[in-house]
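This report refers to the structure that appears directly beneath it.
The values are calculated or read from the model by the stated rules, or taken from the named source; none is laboratory data. A quick note: this is a predicted structure, and the numbers were derived from the prediction, not measured. All Cβ positions, even for glycine, are placed from backbone atoms using ideal geometry, and neighbour counts span all protein chains on display.
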Amino acid sequence: MKFIDETKIRVIGGDGGRGCVSFHREKFISRGGPDGGNGGAGGDVIAVADAQLTTLLDLRYHKECKAGRGQHGMGSDCHGRRGEDFIVKVPVGTIVRDARTGETIGDLDKAGDRVVLAAGGRGGKGNAHFVSSTNRSPRFAQPGEPGEDRELEIELRLLADVGIIGVPNAGKSTLISVISAVRPKIADYPFTTLVPNLGVVSYDEGKSFVVADIPGLIEGAHQGHGLGDKFLRHVTRTSVLIHLLDASRIDPKNPLADWSTINRELALFDEEVGTKPQIVVANKIDIPEARENAMVLEKNLPDSYRPLHLISAVTGEGVKALVQKVGMQLERAKRVKGEEAGDAAGS
Ligand SMILES: Nc1nc2c(ncn2[C@@H]2O[C@H](COP(=O)(O)OP(=O)(O)OP(=O)(O)O)[C@@H](O)[C@H]2O)c(=O)[nH]1
Ligand SMILES: [Mg+2]
């Protein structure tokens, strides 16, 4: 299935129904009072986060979403029915912005979250509403109001706890395939992965986290080189990054080359992504010399990024320990977040 993570749509709330001008008519009653009912309100266009969806693809085919109009008011004090709402299903992690002002309208980060994208217009009042001591038989009613009409930018940011980033061919997809149930394409050439993959990783008993494997990054990704850096939006909400390096490619004379290149691209994409906690991992240590080169890398890494983790996604060496470490780091991050939230509530 095609993966779409940004699109534009137009949303239009339903128009309100017209109020009615009517007078009571009955046999033997010569001048009945006004009895025109109110028009019904127009329906709303509402976005609902649906856990079954993983892409914005459906919206590509549904560029315009219009809710139903309210029914006009009728005689005998009958009010018009409300227009039908138009429900737009979006994946969890969808952010909605007004295309003109850039204002964020909604951030649907939990399944079932709802946001009104375009409100329906109010229904007009019927003439019965306008009866007063000075005007006992008004001959006018209100028109319905038009529904809201706006252009929206829709963006999807996958909700993952952990992002796997690194140069092309480092083994990111191989790693996600051995720690979760997803089976992405794996091949010995750069840019095998074209769209992010999400997997659920179980560790300990009953505990799990969600990991995202994103397409490889190269120098100049922020200028669009390779596949560009737009997929980094999917790691903006993660708590931890696994920075995966291909140990067989480490040059002992310049061991930090790949690592620094990627870090530069992260920082150029977004300051927050650039400073996210990173677990640095050297993969492919089953290849001769890879292990030695990884040791050189480890010596050159800044203290805060040590220890370097050595793994082979193919033989499985070091993989379980890595998953445990990621799990522990996530739990710590959650505790800190909880404490911060507690502090904020307490103060
Ligand atoms: N020897 C060895 N080869 C590996 C290991 N992990 C991955 N590979 C191989 O490295 C190649 C690239 O693996 P992928 O998992 O597709 O790499 P990727 O990082 O997802 O690459 P892109 O999607 O192109 O960015 C494949 O041929 C894998 O079989 C490993 O631990 N040891
Ligand atoms: Mg891949």
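Output yes when any residue across segment 96-109 is charged (D, E, K, R), more than 18 Å from the chain's Cα centre (by Cα) and within 25 Å of LYS8 (Cα to Cα), and no when none is. Among the residues of segment 96-109, at least one is charged (D, E, K, R), more than 18 Å from the chain's Cα centre (by Cα) and within 25 Å of LYS8 (Cα to Cα), which makes the answer yes.
Of everything listed in (1) within 16 Å of ligand 1 (Cβ to nearest atom); (2) within 23 Å of PHE3 (Cα to Cα); (3) surrounded by fewer than 23 Cβ atoms within 10 Å (Cβ to Cβ), the single unmet condition for PHE231 is (3).
Exactly one residue among LEU297, LEU266, LEU308, LEU241 is assigned by TED's automatic domain parsing to the domain that holds GLN223, free of Cβ contacts under 8 Å to residues at least 40 places away in the same chain and crowded, with 18+ Cβ neighbours inside 10 Å, and that residue is LEU308.
In segment 165-186, what count of residues is obtained for those that are among the β-branched types (Val, Ile, Thr) and not in a loop (DSSP other than H, G, I, E, B)? Counting residues in segment 165-186 that are among the β-branched types (Val, Ile, Thr) and not in a loop (DSSP other than H, G, I, E, B) gives 5.
Of all residues in segment 116-164, those that are over 45 Å from the mean Cα position of the chain (by Cα), part of a loop (DSSP other than H, G, I, E, B) and not charged (D, E, K, R) total 8. Any residue that is over 27 Å from ARG306 (Cα atoms), within 16 Å of ligand 2 (Cβ to nearest atom), assigned by TED's automatic domain parsing to the domain that holds LYS284 and of a type outside the set (Asp, Glu) - is there at least one of those in segment 206-227? Yes.
For GLY70, state whether it is modelled with pLDDT of 90 or more and crowded, with 21+ Cβ neighbours inside 10 Å.
Spelling it out, GLY70 is indeed modelled with pLDDT of 90 or more and crowded, with 21+ Cβ neighbours inside 10 Å.
Of all the numbered requirements in (1) touching a Ser or Thr at 6+ places or on another chain (Cβ under 7 Å); (2) near ligand 1 (Cβ under 7 Å from one of its atoms); (3) modelled with pLDDT of 90 or more, ASP188 misses one, and that requirement is (1).
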